[in-house]
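Colleague: Quick one: the structure is below, and I'll ask about it shortly.
The values are calculated or read from the model by the stated rules, or taken from the named source; none is laboratory data. Predicted, not measured: the structure shown is a model, and the values here were computed from it. As a convention, Cβ positions derive from the backbone with ideal geometry for all residues, glycine included, and neighbour counts pool all protein chains shown.
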Amino acid sequence: MSSVKLGLHAIRVGNIFCIGRNYAAHAAELGNRVETEPLVFLKPTSALLDESEPIRLPDYSRDVHHECELVALIGKGGNDIPLERALSHVAGYGVGLDLTARDVQADVKRNGHPWTKAKGFRGAACVSALAPAASVADPQRLTFELRVNGQLRQQGDAGLMLFSLADQISYLSRIYGLSDGDLIFTGTPEGVARLASGDRLDLSLHGLAAAHWEVA
């Protein structure tokens, strides 16, 4: 899978940018500091997963965590995008999972290595179908949730982000440049936890998008 669905259209994905530690409570639950600028990491497009396939946990980890997030699709790329125009570059909004091999992440962090093995494995970027950006007046008022086996695990309120989506877009465009089809995983709230075979995950971006996965 190298595309996402926006309405009836399949949009080819370019880069997958992820923002870490963007909710204070999540940073606190993992014992991490709050960053002074967006903490950015990348996932390969081979990590994308839609609802047509189950989540398959990597065999080199025993502690894969779910991280439910608001996801934004860039429809119009650019460099040095001003903050006040940033949201006009968004084509759609969805909900997704930034899956993380937490034991692997702890090991690579301890050794000063990149996070890719912990964050970029196949199926580590789960994404719902996306709703058009025109249907969202203010993304910072969006709420989302994750239920695992029917029990509420994560509740997200985009208004609690440390760096708003507009901040993220402006920053990413200034440092890396943004392209049509780029995805932004905007950070996860508290409540991350280990997944197990047989788990059923139900995600909702309230009123806009929903997605469902089972863990193989």
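Colleague: Does residue 95 meet the test of being among the β-branched types (Val, Ile, Thr), out of contact with any His (no Cβ under 8 Å at 6 or more places or on another chain) and in a strand (DSSP E or B)? If you could, list the steps in order and put the result at the bottom.
Modeller: Values: among the β-branched types (Val, Ile, Thr): yes; out of contact with any His (no Cβ under 8 Å at 6 or more places or on another chain): yes; in a strand (DSSP E or B): yes.
For residue 95, the condition - among the β-branched types (Val, Ile, Thr), out of contact with any His (no Cβ under 8 Å at 6 or more places or on another chain) and in a strand (DSSP E or B) - is met.
Colleague: Follow-up question, since we're still on this one. Show the residue pairs that are 6+ apart or on different chains and have beta-carbon atoms under 9 Å apart, the first residue being within segment 1-21 and on the phi > 0 side of the Ramachandran plot, the second being in a strand (DSSP E or B) and not hydrophobic (A, V, I, L, M, F, W, C).
Modeller: Pairs that qualify, where the first residue is on the phi > 0 side of the Ramachandran plot and the partner is in a strand (DSSP E or B) and not hydrophobic (A, V, I, L, M, F, W, C), are 7/92; 7/132.
Colleague: Shifting gears a bit: Looking at (1) more than 25 Å from residue 212 (Cα to Cα); (2) at pLDDT 95 or above; (3) not in a loop (DSSP other than H, G, I, E, B), can you tell me which one residue 109 breaks?
Modeller: For residue 109, the exception is condition (2).
Colleague: Tell me yes or no: at least one residue of segment 197-216 is without any contact (Cβ under 8 Å) to a residue 40 or more places away in the chain and small (Gly, Ala, Ser).
Modeller: Scanning segment 197-216 turns up at least one residue that is without any contact (Cβ under 8 Å) to a residue 40 or more places away in the chain and small (Gly, Ala, Ser).
Colleague: Every residue in segment 134-153 that is without any contact (Cβ under 8 Å) to a residue 40 or more places away in the chain, over 16 Å from residue 213 (Cβ atoms) and of a type in the set (S, T, N, Q), please.
Modeller: 140
Colleague: With surrounded by fewer than 24 Cβ atoms within 10 Å (Cβ to Cβ) and outside any helix (DSSP H, G or I) as the only criterion, which of 80, 103 stands out?
Modeller: Unique residue meeting the criteria: 80.
Colleague: Could you tell me how many of the residues in segment 1-33 are out of contact with any Leu (no Cβ under 8 Å at 6 or more places or on another chain) and surrounded by 18 or more Cβ atoms within 10 Å (Cβ to Cβ)?
Modeller: Of the residues in segment 1-33, 2 are out of contact with any Leu (no Cβ under 8 Å at 6 or more places or on another chain) and surrounded by 18 or more Cβ atoms within 10 Å (Cβ to Cβ).
Colleague: Working only within segment 35-44, note down all residues that are loosely packed, with under 13 Cβ neighbours inside 10 Å and either modelled with pLDDT of 95 or more or in contact with a helix residue (DSSP H, G or I) (Cβ under 7 Å, 6 or more places away or on another chain) (or both).
Modeller: Once the filter is applied, which keeps residues that are loosely packed, with under 13 Cβ neighbours inside 10 Å and either modelled with pLDDT of 95 or more or in contact with a helix residue (DSSP H, G or I) (Cβ under 7 Å, 6 or more places away or on another chain) (or both), segment 35-44 yields only 37.
Colleague: Out of 81, 16, which single residue is modelled with pLDDT of 95 or more and under 13 Å from the mean Cα position of the chain (by Cα)?
Modeller: Only one candidate passes the filter, namely 16.
Colleague: For segment 175-201, enumerate the residues that are acidic (Asp, Glu) and farther than 22 Å from residue 2 by Cα.
Modeller: Passing the criteria: 190, 199.
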